[in-house]
Amino acid sequence: MVWANTRHRNRRVVIALPDFTYAVILADRGAHIMLQTTYVVDEAYLRKQMRAEWERSGGEDPMKG
């Protein structure tokens with residue numbers, strides 16, 4: 001599951017396992033992409049929030065635009 005989001009005016013690309021139990025966050029710096037963090041999503045409510053954010057993204061390719 002891959003989608004883009006914005007946090008504190010910074011564009012990020014999120015990569016998560018299909019069950020949203022693990023996430024990789026990449027910082028989009030325009031000319032390059034940097035690893036920002038990775039983490040285990042061990043709270044059910046956080047997994048639900050991530051799934052909702054992914055669904056709102058509409059499955060668009062986050063690397064375009």
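Each reported figure results from applying straightforward, stated rules to the coordinates on display, with no laboratory input. From a predicted model like this one, the values you see are computed outputs, not experimental measurements. No Cβ is skipped: glycine too gets one built from the backbone with ideal geometry, and neighbour counts run over all protein chains shown.
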Output needed: percent of Cα pairs per 5 Å distance bin for the chain, bins running from 0 to the one holding the longest distance. 4, 18, 30, 27, 16, 5, 1
For the chain, listing chymotrypsin sites (Phe, Trp or Tyr not before Pro) in a DSSP loop whose Cβ sees at most 14 other Cβ atoms within 10 Å gives none
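Counting other Cβ atoms within 10 Å, which trypsin sites (Lys or Arg not before Pro) in the stretch 2-65 have at most 11 and lie in a DSSP loop? Could the numbers behind the result be given before it?
Numbers: sites: ARG7, ARG9, ARG11, ARG12, ARG29, ARG47, LYS48, ARG51, ARG56, LYS64; in loops: ARG9, ARG29, LYS64.
Passing both the DSSP loop test and the Cβ count: ARG9, ARG29, LYS64.
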For every helix of n ≥ 4 consecutive DSSP H residues, a contribution of -39,500 (n - 2.57) applies; sum these over the chain, divide by its total residues, and give [θ] at 222 nm rounded to the nearest 500 deg cm²/dmol. -7000 deg cm²/dmol
